[in-house]
Amino acid sequence: MKDIQLGKEEIQKLVLGVLLFFGLIYSYFDLLLGPLSKHQDAVRLSIVALGPEIDADKAQIARAKKMEQEALITQKTTRQVNAMIPEGSPVAWFPTHMAEFFKKQGIDKALTRMNGELPDKELPGYRKLVWGVDLPKVEFVPFAEAVSVLENEEPLFEIAAMQIDASREDVGAQHALLTLNNIVRQ
Amino acid sequence: MALRLNLYHEVIKAKALKRRDPLKISIYALSAIAALCASWYLLQLVNMHNLTADLKRVKGEYDKLEPLAKASKKKEDALTQQGKLSVQLEKRMESRFYWAPLLAEMMQLVPREVQITRMGGDVTGDGIRRCSLTIDGLSAGTDPRKVAEDLRTSIADKFSAKYKNVTSTFKMLEDGTEMVMLDGKQMSTATFAINVQLYTGEDKPAAPARKKK
């Protein structure tokens, strides 16, 4: 085999060529392929990151739809309660309603007045009104029956307190005073 | 053996040298590497294009779903609130204190030797309802105090079957000054006041204990 004799100029060209080659390789990876790879990774990450969010959104929409379908059942009580509360100011209809109720139960005189309002944070959209119902002349048994009917027919009323006094003038008659709580719309 | 002279050996050598020219080989090799690199880069560019298209599609889907999901969340919150309200209303109605059974029990408990002159009561509390009852009356008999005591104990016994933690105590028990006629006989009297405390309903579930840090 014949030895290759390289001159000084040829060696310089060779070194320069090798340097140029490595420079090109470096530029290729660092300026072209590297950024492209990084960009690809970022895009892949974005796609992967959006996946669970899309799934969560889909699940959220499905959950809301299911709840909407079930709302007909779950809100039955609210609808029934709203149907039980007459329109208008309670001061306008409640005393009349009570007078009519007790009249139907055989108690002719019932005086109703509003005593105040109780705050109720657990029932947004509703308020609890406190009423005093004065029954000046009642007999105990019809009165107890009336209370029973009231408690059965009016689920939005609750008797918070009651007082029954024996009348001095009429032995068979009592004077009753009821404190009623009533849930009404705001 | 005949002597053969190759007069073209210099030309052949020059041709061979030209064929094995390192510069030419290097240029070929470098061109091949360059072509490979360019192809690889192009392939990556195509991949990148596909990925960008995928991202655009996914982002488009997300952008379409996101407002819907937000609206659904709001709707879900509103529905949850309405559901809670419904449950709360139902609970309120079911946990009411019913006076009618109490009055019915009282009618059965009061003997003919006793006259109730005043009865009052009130209900307090949200989970467990506490009912305080005050019964004022007049008892008559040969031993009117015992009649009153019997009433007190019978109230405690009867109500204990239906309500929780029933206590029945005398607030006052005094001999009366008046005499009454009962069954054609004059009987002495006693005035009394009985305090009755009773509880009903379920206690509210306790709030979960906070974790210690």
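Students often get this wrong: which residues of the range A:17-58 have the backbone nitrogen under 18 Å from the point 7 angstrom along Cα-to-C-beta of B:A35? Counting backbone N atoms under 18 Å from the label point, the list is empty. Length gained on full extension, B:K64 to B:F170: 30.8 nm, using 0.36 nm per residue less the C-alpha separation. Derived scalar couplings between HN and Hα for the range A:87-96 equal 6, x, 5, x, 5, 7, 9, 5, x, 5 Hz in order, rounded to whole Hz, by the Karplus curve 6.51 cos²θ - 1.76 cosθ + 1.60 (θ = phi - 60°), x for Gly and Pro. Toward the positive end of the charge dipole of chain B, with +1 on the Cβ of Lys and Arg and -1 on the Cβ of Asp and Glu, the farthest Cα among B:L51, B:T167, B:A190 is that of B:L51. Split chain A at each of the trypsin sites (Lys or Arg not before Pro) in a DSSP loop with at most 10 other beta carbon atoms within 10 Å, and the longest piece is A:3-120. On a 0 to 90 degree scale, rounded to 10, what angle separates helix B:144-160 from the longest Cα axis of chain B? Once rounded, one gets 20 degrees. Ranking B:T177, B:L151, B:L42 by Cα position along the charge dipole of the protein assembly as shown, where only Lys, Arg, Asp and Glu carry charges on their C-beta atoms, puts B:L42 farthest toward the positive end.
Relative contact order, whole percent, for chain A stands at 16, derived from Cα pairs under 8 Å and 6 or more residues apart. Pairs exceeding 30 Å between alpha-carbon atoms, taken from A:K38/B:K75; A:K121/B:K164; A:K109/B:K91; A:K76/B:K158; A:K103/B:K171; A:K121/B:K75: A:K38/B:K75; A:K109/B:K91; A:K76/B:K158; A:K103/B:K171.
In whole angstrom, the range A:94-186 maps to an equivalent ellipsoid with semi-axes of 26, 13, 11, each derived as √(5λ) from the alpha carbon gyration tensor and ordered largest first. Using the rule -39500 (n - 2.57) for each DSSP H run of four or more residues, divided by the residues of chain B, the 222 nm mean residue ellipticity is -18500 deg cm²/dmol.
Taken about its Cα centre, the protein assembly as shown carries a charge dipole of about 3760 debye when Lys and Arg each add +1 at the Cβ and Asp and Glu each add -1 at the Cβ.
Take the Cα pairs of the protein assembly as shown, get the Kirkwood Rh, then feed it into Stokes-Einstein at 10 °C and 1.306 mPa s and tell me D in µm²/s. Value of D from the Cα-based Kirkwood radius: 52 µm²/s. Once chain A is represented by equal point scatterers at the alpha-carbon sites, with solvent omitted, what log10 I(q)/I(0) does the Debye formula produce at q = 0.12, 0.14, 0.16 Å⁻¹? Relative scattering, expressed as log10 I(q)/I(0), comes to -0.79, -0.92, -1.05.
A DSSP coil position with no more than 16 other Cβ atoms inside 10 Å describes the following GluC sites (Glu not before Pro) in the range A:103-186: A:E122, A:E139, A:E169.
This model, with +1 at the C-beta of Lys and Arg and -1 at the C-beta of Asp and Glu, gives chain A a dipole about its Cα centre of some 760 debye. Spin-label model, B:K185 to B:D77: label points 7 Å out along the Cα-to-beta-carbon direction sit 7.7 nm apart.
Each value in this text was obtained by applying a stated rule to the coordinates, not by laboratory testing. Since this is a predicted model, take the numbers as computed values, not measurements. For neighbour counting, all protein chains shown are included, and Cβ atoms are generated from backbone atoms with ideal geometry for every residue, glycine included.
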